[in-house]
Amino acid sequence: MKPTFLDFLYGSLPARFESDFGREESTLRLQQATKRMFSGALTHQQAVGTVSELEVVLARRIPFVRNSFAPYFVGSFKETGQGHVVLEGRFTMHWLVKVFLTFWFGFCLLWTTLAIYATWTSATAVMWWFPLAGVAMFGIGLVLVQLGKWLARDDTAWLSGIIREALSGGRGPANP
């Protein structure tokens, strides 16, 4: 199936991490491997977010770098039928970024539609370029999202490594 525009903006990547520990120990180990907020040394990257038994929200933070299009891991601990604990969730953009992009692209479409209508119904052809402003803003939005995702291309693997290491019991990262 071909990816669509909506997949580009709102898509997510499912993830599942098995733990060698119970729910409480898994939560504690992941909390210890991550920070609540970006604090501490300004010289190294950190996994930052909230970790509880009910919800896990993590992102990669790099000093002096801010990328709103970077993926967040959103998930929760679950117990399987065999008594194992797994962390299930997805990597996706922050929900506020998705809301902003909805307004951005929605406004671009509305602008372009109204500008085309105004240009066609106008007796003068002075504003023929008016609809092109909406198309240009739409294109700029696409380029910014693509650039932001490209800059964050390693974040999913990096966060996955942090999570796997915390839940593996010190035997190193699990197979991807």
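Computed quantities for the displayed model
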item	result
Test set (1) part of a strand (DSSP E or B); (2) over 18 Å from T34 (Cβ atoms); (3) small (G, A, S) - A118 fails condition number	(1)
Meets criteria (under 14 Å from I163 (Cα atoms), among the hydroxyl-bearing types (S, T, Y) and within 20 Å of the chain's Cα centre (by Cα)) for S26	no
Count of region 71-88 residues which are surrounded by fewer than 20 Cβ atoms within 10 Å (Cβ to Cβ) and more than 20 Å from F100 (Cβ to Cβ)	10
Residues of region 33-58 satisfying the condition of being surrounded by fewer than 16 Cβ atoms within 10 Å (Cβ to Cβ) and modelled with pLDDT of 90 or more	T50, S52, L54, E55
Any hit, region 33-55, residues being part of a helix (DSSP H, G or I) and not assigned by TED's automatic domain parsing to the domain that holds M137	yes
Any hit, region 80-97, residues being of a type in the set (S, T, N, Q), in the same structural domain as L30 (by TED's automatic domain parsing) and without any contact (Cβ under 8 Å) to a residue 40 or more places away in the chain	yes
Single residue of region 59-70 satisfying the filter (part of a loop (DSSP other than H, G, I, E, B), without any contact (Cβ under 8 Å) to a residue 40 or more places away in the chain and of a type outside the set (A, V, I, L, M)) that is surrounded by the most Cβ atoms within 10 Å (Cβ to Cβ)	P63
Qualifying residue in region 8-18 (condition: surrounded by 13 or more Cβ atoms within 10 Å (Cβ to Cβ) and among the basic types (K, R))	no
Any hit, region 125-138, residues being within 25 Å of V51 (Cα to Cα), touching a helix residue (DSSP H, G or I) at 6+ places or on another chain (Cβ under 7 Å) and β-branched (V, I, T)	no
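The values are calculated or read from the model by the stated rules, or taken from the named source; none is laboratory data. Treat the numbers as computed from the prediction; the structure is a model and nothing was measured. So basically every Cβ, Gly included, is an ideal-geometry build from the backbone, and we count neighbours across all protein chains shown.
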